[in-house]
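Each remark here refers to the structure printed beneath this line.
We did not get these values from a lab; they are worked out from the coordinates using the rules stated. Every value quoted in this text rests on a predicted model; they were computed, and no experiment measured them. Here the Cβ is made from the backbone with ideal geometry for all residues, glycine too, and neighbour counts use every protein chain on show.
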Amino acid sequence: MKTNQAELRRRLQAGDPDAFGTLFDTYARSVYNHAFRLTGDWSSAEDIVSLTFLEAWRLRERVEPEGGSVRPWLLGVATNVVRNTRRAARRHADAVARMPRAEAERDFTDDVAARLDGEEELALVRTALRTLGRKEREVLALCAWSGLDYASAAQALGIPVGTVRSRLSRARKQLTAALERVGRSGQMKGGRGISARSIQEGSR
């Protein structure tokens with residue numbers, strides 16, 4: 001059944017717990033996919049989902065009672081959560097670096113990734129994505145993968161539509177160049193190379 005967005009907005013703003021249940025059921029997968037595209041890590045993406053909905057509850061009074069889908073607003077919250085998480089990680093980086101190093105245990109996500117088709121191709125795509133700046137990657141994730149139009153992406157990020165357009169254009173150029181570089185590297189190592197389509201398939 002299609003969610004009534006106007007009614008959902010009003011209930012969210014009023015702090016209706018059932019409305020937040022609906023919000024989670026409707027958009028948790030979308031938030032997870034967006035978080036994974038920004039972080040490149042399954043475990044981190046799961047943490048981002050939890051933090052995003054906690055933050056959405058805290059910010060519920062900021063939900064406008066009128067408007068379309070709440071999805072752009074929620075993805076904007078997720079984007080800010082990723083930013084804050086990265087800032088916290090950087091603040092603790094020096095302390096972690098000074099800690100005695102222990103042999104790292106293999107994460108279960110490594111085992112999952114090892115069974116994915118096109119594992120080498122996926123790794124090359126992630127390498128290319130890491131070359132993008134934060135702002136470019138956020139816009140690319142919202143517009144290219146989450147399917148937001150320019151206006152919705154601008155709403156999610158709190159920036160002008162023109163800025164979304166320029167960042168997306170810059171992101172595409174940078175990513176194309178990065179894909180060419182890592183693609184050549186992969187072929188030299190016996191890989192198959194990568195395509196623009198593989199970015200979408202590998203990041204879902």
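Values computed for the structure shown
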| quantity | calculated |
| --- | --- |
| Net lengthening on full extension, Ile159/Asp25 (0.36 nm per residue, minus Cα-Cα) | 45.4 nm |
| Label point distance in nm, Trp42-Asp16, each placed 7 Å from Cα along Cα→Cβ | 3.6 |
| Mean-position separation - Cα centroids, the stretch 128-185 and the stretch 1-57, in angstrom | 22 |
| Calculated FRET efficiency for the pair Arg86/Ser166, C-beta based, R₀ 22 Å, to 0.05 | 0.45 |
| Ordering of 71-81, 3-13, 44-54 by burial proxy (mean other Cβ atoms within 10 Å per residue, highest first) | 71-81, 44-54, 3-13 |
